[in-house]
Amino acid sequence: EGKGVKGIITGPNTIVHSSRIAGFYKNKEDAIIDLAHSLKFEVDAIAKKVNPVYIQIDEPFLSTGMVDMKTAREAIDILHDGLEIPLAMHVCGILKDAFKDISRFNVDILDFEFAGNNVNLDVLKENYNLVSNKKIGFGCLDSSVNVVDDADDVDNLVTEAIEIVGKDNLLLDPDCGLRRAPKDVAFEKLRLMNEIKDKYS
């Protein structure tokens, strides 16, 4: 039983847009909806068997401008249907042009990168009213560098985030995954993040 863990799957929009589709599908939108129905079985299985605190759908392609947002929302609605635990959606990249569309997705948590991106904090500040009914997954560790983040920089970033959304609406995490970082560096990054989390608890 996965107490305290989250289930993570790559979302249907990102899978389809990063795949080469030949033959059966005439357009990506039909493939995305069909894939969402297939992934729904995986989401429900994770919720039932793992019992995570929430399930996160990784959809980095939503910030690229390549995705039809109406289809993307429909796909996420399929994954969320009947789910009894919170659903999160992770979108990395610059949010400036996509934030308003992303804010309309039927999810409980929106997760973005802020440590390695000096634009997104301003985007959040200017548009927080659009997502004030959701919790914010706040990327406070830079996943693009394989060194431990400066503690003061992370602390200052989290302080700014709390001023915008309030500490009760904030979930701290790395910008993206730490799979590229050496194990010792990844461990120290997470230790730093947890120290700062405890400071504001």
Distance from segment 91-128 to segment 136-170 (C-alpha centre basis), Å: 14
R179, R73, ranked by accessible area, largest first (probe 1.4 Å): R179, R73
Cα-based convex hull volume of the chain per residue, rounded to whole Å³: 125
Simple spin-label estimate for V147 and H37 in nanometres, 7 Å along Cα-Cβ: 5.1
Protein-only accessible surface order, largest first, of E126, E74 at 1.4 Å: E126, E74
Cα gyration tensor shape of segment 104-144, rounded if a/c is under 1.5, else prolate or oblate by comparing a/b with b/c: oblate
Cα gyration tensor category, rounded, prolate or oblate, for segment 1-100 with a/c compared to 1.5: oblate
Using alpha-carbon coordinates, inclination of helix 69-80 to the longest axis of the chain, degrees: 80
In degrees, nearest ten, helix 183-200 long axis to first principal axis of the chain (Cα): 70
Calculated FRET efficiency for the pair E84/Y25, C-beta based, R₀ 45 Å, to 0.05: 0.90
For peptides 62-72, 16-26, 111-121, sequence by mean Cβ density within 10 Å, most packed first: 111-121, 62-72, 16-26
Computed [θ] at 222 nm, helices only, for the chain once each DSSP H run of length n ≥ 4 contributes -39500 (n - 2.57): -12500 deg cm²/dmol
Accessible-area value, S132, 1.4 Å probe, nucleic acids and ligands omitted, Å²: 70
Accessible carbon and sulfur surface of segment 101-201 relative to its total accessible area, %, 1.4 Å: 46
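The values are calculated or read from the model by the stated rules, or taken from the named source; none is laboratory data. Predicted model only: the values in this text are computed from it and were never measured. When we count neighbours, we look across all protein chains shown, and the Cβ atoms used for this are built from the backbone with ideal geometry, even at glycine. Note: accessible area is taken over every heavy atom of the protein model, side chains too, but ligands, DNA and RNA are not part of it. Shrake-Rupley method; radii C 1.70, N 1.55, O 1.52, S 1.80 Å.
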